Amino acid sequence: WSSDVCSSDLPFEQNCSILICEETSKAAIVDPGGDLSRILDALSKAEVTPEKILLTHGHIDHCAGAPALSKELNVPIEGPHEAERFWLEQLPMQSQRFGFPEAQAFEPNRWLVDGDQVTVGNVKLDVKHCPGHTPGHVVFYSADDGLAVVGDVLLDRKSTRLNSSHRCISYAVFCLKK
């Protein structure tokens with residue numbers, strides 16, 4: 001019940017996902033880093049009703065598009081954990097540093113903590129705080145659906161970005177077992 005909206009039109013590949021509740025056709029956009037026209041097109045093609053934006057962490061390639069998309073769709077932003085405040089406040093600097101279109105700092109409508117739940121239509125996702133890649137990284141997990149939306153907690157071999165000043169990435173496996 002998800003659709004990927006990947007893009008390489010920006011300096012970093014975007015890995016936005018759209019989670020869809022099949023019962024209600026409600027959707028959540030996860031980690032909209034940019035390319036909003038592609039995201040809006042995917043929502044239109046899926047014939048769904050967006051109800052929120054979910055963020056796993058505050059790196060520019062996962063959240064720079066969130067404020068504009070939230071305004072365009074009139075939906076709230078939920079997540080990440082408040083330990084990401086630093087990254088969200090630094091979005092204007094990140095955009096200059098990495099060659100992204102100008103990004104604005106923002107605060108989500110709801111900060112998330114370990115043990116919270118978020119909903120997409122009738123689907124409930126557990127929030128797991130999984131620091132490692134960033135201090136406030138969260139994952140969205142549904143045991144019933146066998147789904148874990150992990151952002152950058154688990155990276156492929158090409159992506160070795162890990163902030164070693166935070167807990168080890170292996171903590172992500174423990175987070176999902178809790």
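A few points about this structure:
- Among the residues of region 67-92, those identified as of a type in the set (Asp, Glu) and closer than 22 Å to residue 48 by Cα are 72, 78.
- Highlighted here are the helices (runs of 4 or more DSSP H) found entirely within region 43-107 that include at least 1 residues which are among the basic types (Lys, Arg), open to solvent by 20 Å² or more (accessible area, probe 1.4 Å) and without any contact (Cβ under 8 Å) to a residue 60 or more places away in the chain: 66-73, 85-89, 91-98.
- Test: residue in region 64-84 that is at pLDDT below 90, under 15 Å from the mean Cα position of the chain (by Cα) and over 18 Å from residue 125 (Cα atoms): yes
- Subset of region 108-139 (residues that are assigned to a strand (DSSP E or B), open to solvent by less than 10 Å² (accessible area, probe 1.4 Å) and touching a Phe, Trp or Tyr at 6+ places or on another chain (Cβ under 8 Å)): 118, 125, 127
- Residue check for residue 27: more than 10 Å from the chain's Cα centre (by Cα), buried (at least 19 other Cβ atoms within 10 Å of the Cβ) and part of a strand (DSSP E or B): yes
The values are calculated or read from the model by the stated rules, or taken from the named source; none is laboratory data. None of these values were measured; they are calculated from a predicted model. Positions of Cβ are backbone-derived with ideal geometry, glycine not excepted, and every protein chain shown enters the neighbour counts. All accessible areas refer to the heavy atoms of the entire protein, side chains included, with ligands and DNA or RNA removed. Shrake-Rupley method; radii C 1.70, N 1.55, O 1.52, S 1.80 Å.
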